[in-house]
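Colleague: This structure is in structure tokens; I'll ask about it shortly.
All of the numbers you see were taken from the coordinates with simple rules; none came from a lab. Fair warning: this is a prediction, and the values are worked out from it, not measured in the lab. Here the Cβ positions follow ideal geometry from the backbone for every residue, glycine too, while neighbour counts run over all protein chains shown.
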């Protein structure tokens, strides 16, 4: 039952665990609110003060009176209730990122991050924390300098002297492909260990874990490093790039092994990992590049902020509830928003023009693969059938996951509209 206008009951905020200052690029003071269910929000000082008063058992009338005195403004209980309703429902005043990577909130790298499904914890905290603590020493300035210098030198030698490229990948046999995929998966796991190790360097008591999931149409590892939000911006950036740093070291080791042994499996895996760097460092999807830009700009909910900004520009409406961003960060944020528009436009263009032809090619491949598998089974060629099944699986995976994503998105939209009715 909603409280009447004549009498306002205390607002239930006992689930607020902590309220701490948050390092952002906002012109206003910002604070990180953590709830008992794991959700975290970044709020302005005004909202922080309202929440503290409500948590202390004040009624909405009492909150309105104290806020009016503190900020020298005229406000009533209905105004406070309206502010809370607007911020909690529109996710504007509470800068919320749907990840908790992913519980809802601004959790970084949590298993329920937006777009992440079919999640499974692979390395819980009791294993991940000791490992991260032992490897945190790799983030000392001297170790980083030596690792980068050695790694860059190996990469220049690898591409300059050997000229290893795509043609070498095409010449691999099936068994070599399997070993390359295993090495690539190992590099991904090492990548996530880099994230938790960086967090452990700055926050030794942090609870961390590593898992696997489907993000959009990609099979990925993820590191639960949501406690990175308690760090300073520069420290959060170290956590963001910690995964790439560890994976770069892993890739450099593979190149060194190739130079010593001339086994092309190591070179092929190194090439794929380097291509993976380029993809996962782009900032428009929630890969490492996104978090780097988010923390560099000091905007915890970068996707949400970008969406608000784009809608405001096209609707020509001002959104007074949004956090105000300082000048330099605001300039680069606008560039990021423009880049997001181009990225979405190019992605849509690809889906409309190239994907249908690609899907037709896949259907033809699927038909011939099924026929070949049936013939192999009839001829008792078990190894040939297994090889074809594995190839078909990897070739089918992107299309299956894309269909899964589309169906899930349409279902969520339908359910959301049904609830509203």
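Colleague: For 204, 305, 66, which order do you get if you count the other beta carbons within 10 Å of each Cβ and list the fewest first?
Modeller: On the way: 204 11, 305 23, 66 15.
Ascending number of Cβ neighbours within 10 Å: 204, 66, 305.
Colleague: Still on this structure: Rounded to the nearest 0.05, what FRET efficiency do residue 382 and residue 307 have when you use their Cβ-Cβ distance and R0 = 56 Å? Can you show the working numbers first?
Modeller: Details: r = 52 Å, r/R0 = 0.93.
For residue 382 and residue 307, the calculated efficiency is 0.60.
Colleague: A further question on this structure: Taking R0 as 56 Å, what's the FRET efficiency between residue 148 and residue 74 from their Cβ-Cβ distance, rounded to 0.05? List each step's numbers first, then the result.
Modeller: Working: r = 58 Å, r/R0 = 1.03.
After rounding, the FRET efficiency stands at 0.45.
Colleague: Quick one: order 17, 42 by neighbouring beta-carbon count within 10 Å, fewest to most.
Modeller: Details: 17 13, 42 25.
Lowest count first: 17, 42.
Colleague: R0 = 35 Å: FRET efficiency of residue 232 with residue 181, Cβ-based, nearest 0.05? Don't skip to the end; give the middle numbers.
Modeller: Numbers: r = 38 Å, r/R0 = 1.09.
That gives a FRET efficiency of 0.35.
Colleague: So for the pair residue 134, residue 350, with labels modelled 7 Å out along Cα→Cβ, what separation do we get in nm?
Modeller: Distance between the two pseudo-spin positions: 3.9 nm.
Colleague: Rank the residues 311, 402, 47 as a footprinting-exposure proxy: fewest other Cβ atoms within 10 Å of their Cβ go first. Let's see the in-between values first.
Modeller: Values: 311 11, 402 15, 47 20.
Ordered from fewest to most neighbouring Cβ atoms within 10 Å, 311, 402, 47 come out as 311, 402, 47.
Colleague: For a test of the definition: using alpha carbon positions, the gyration tensor, and the 1.5 limit on a/c, classify the range 170-322 as rounded, prolate or oblate.
Modeller: Numbers: a/c = 2.75, a/b = 1.76, b/c = 1.56.
Cα axes put the range 170-322 in the prolate bin.
Colleague: If you don't mind, there's one more thing I want to ask. Obtain the nm distance between the two label points defined at residue 396 and residue 127 by a simple spin-label model: each point lies 7 Å from its Cα along the Cα-to-C-beta direction.
Modeller: Calculated label separation equals 3.0 nm.
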